[in-house]
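Below is one structure, written out as structure tokens; the observations come after it.
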Amino acid sequence: MLLSPLEMFALEKLLEQTGTSGLELSPSHFSALGREFTAAGFYTLIKCHEQHELMLLGKELSVAFTHHALKRGGYFICWLEDNFTLCLEGVANHQDWSSEVSPESLAILWRQP
């Protein structure tokens, strides 16, 4: 399965936290092995088709965000499951996830000072 635009957006923002945002994140490098949607967000198990710089970081990455549909905000978190598998979560803080959360709406908020 291809990663969703929201999953790709989350990975890009997580990489920015490490100072390695210039790395290429091509959808062809990743596939979703499985995804679950919960009331609080989503969980995706991601297979990397080749060794990627993201895999070499070897640590948990997280980034918080605000969104008009999530009054308490939310966060993306990613960690290494094994050498070629990542776990990615999108979580709303103490509230239900909103279907209004999209890469487009988040990108606008990320650009604001």
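Descriptive notes on the structure:
- Proportion of all alpha-carbon pairs of the range 5-111 beyond 18 Å (%): 45 percent
- Under the criterion of Cα pairs below 8 Å and six or more residues apart, the relative contact order for the range 5-111 equals 27 percent.
- Remark: the range 5-111 carries a charge dipole of roughly 300 debye about the Cα centre, counting +1 on each Lys and Arg Cβ and -1 on each Asp and Glu Cβ.
- Taking 0.36 nm per residue of sequence separation and removing the Cα-Cα distance, the GLU16/LYS59 pair yields an extension gain of 14.1 nm.
- Separation in nanometres of the label points that stand 7 Å from Cα toward Cβ, at TYR43 and SER98: 2.5 nm
- Amide H contacts of LEU3: ALA32, each under 5 Å away and 5 or more positions distant or on a separate chain (H built 1.01 Å from N in the peptide plane; Pro and chain starts excluded).
- ALA92 sits among other residues whose Cβ lies under 15 Å from its own Cβ, and their net charge, with Lys and Arg +1 and Asp and Glu -1, is -2.
- Close amide-amide hydrogen proximity is noted between ALA40 and TRP97, each under 5 Å apart and 5 or more residues distant or on a separate chain (H modeled in the peptide plane; Pro and chain starts excluded).
Only the coordinates and a few stated rules stand behind these numbers; no lab work does. Fair warning: this is a prediction, and the values are worked out from it, not measured in the lab. Cβ coordinates were reconstructed from backbone atoms using ideal geometry, including for glycine residues, and neighbour counts include every protein chain displayed.
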